[in-house]
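Here's the structure we're looking at; comments come further down.
The values are calculated or read from the model by the stated rules, or taken from the named source; none is laboratory data. Please read all numbers here as calculations on a predicted model, not as lab measurements. So basically every Cβ, Gly included, is an ideal-geometry build from the backbone, and we count neighbours across all protein chains shown. Ligands, DNA and RNA are stripped out before the accessible areas are found, and what is left, the full protein with its side chains, is counted by its heavy atoms. Shrake-Rupley method; radii C 1.70, N 1.55, O 1.52, S 1.80 Å.
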Amino acid sequence: MAEERTTDEVAAIFKSAGDSVALINGNKPEEFTDAEWKASLQRNVDHLETIKAYKKTDDTTSIWTSEDFSAQDAAVSAGKTKIAAL
């Protein structure tokens, strides 16, 4: 059985989500093709949706407590809009 994530691990996961938010909210890198950009956006949208759904080892209780997911939710929405436009 897996061990519960520590408070520090949960904080690190939440902090790393900021990288996905920044990428989604940014512009397509010049060296990316549209297909590469679309794939990158999709990976990062998927990542944000996955981490938001993380559960404790009981598979029902969220690992999240008081974290504000406003930026992540907005990035998911923006990412899906950008993907649809490509």
Give just the number: which of (1) touching a helix residue (DSSP H, G or I) at 6+ places or on another chain (Cβ under 9 Å); (2) open to solvent by less than 70 Å² (accessible area, probe 1.4 Å); (3) part of a helix (DSSP H, G or I) does A39 not satisfy?
(1)
Among residues belonging to the stretch 63-76 that are surrounded by 12 or more Cβ atoms within 10 Å (Cβ to Cβ) and not hydrophobic (A, V, I, L, M, F, W, C), point out the one that is nearest to E3 (Cα to Cα).
E67
In the stretch 1-12, anything assigned to a helix (DSSP H, G or I), of a type in the set (D, E) and surrounded by 10 or more Cβ atoms within 10 Å (Cβ to Cβ) is listed as E9
Within the stretch 53-62, restricting attention to residues that are among the polar types (S, T, N, Q) and free of Cβ contacts under 8 Å to residues at least 24 places away in the same chain, which residue is least open to solvent (accessible area, probe 1.4 Å)?
S62
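Condition check ((1) in a helix (DSSP H, G or I); (2) under 18 Å from K80 (Cα atoms); (3) aromatic (F, W, Y); (4) open to solvent by less than 30 Å² (accessible area, probe 1.4 Å)) across all residues:
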| site | (1), (2), (3), (4) |
| --- | --- |
| F14 | yes, no, yes, no |
| V21 | yes, yes, no, yes |
| P29 | no, yes, no, no |
| A35 | yes, yes, no, no |
| D46 | yes, yes, no, no |
| I51 | yes, yes, no, yes |
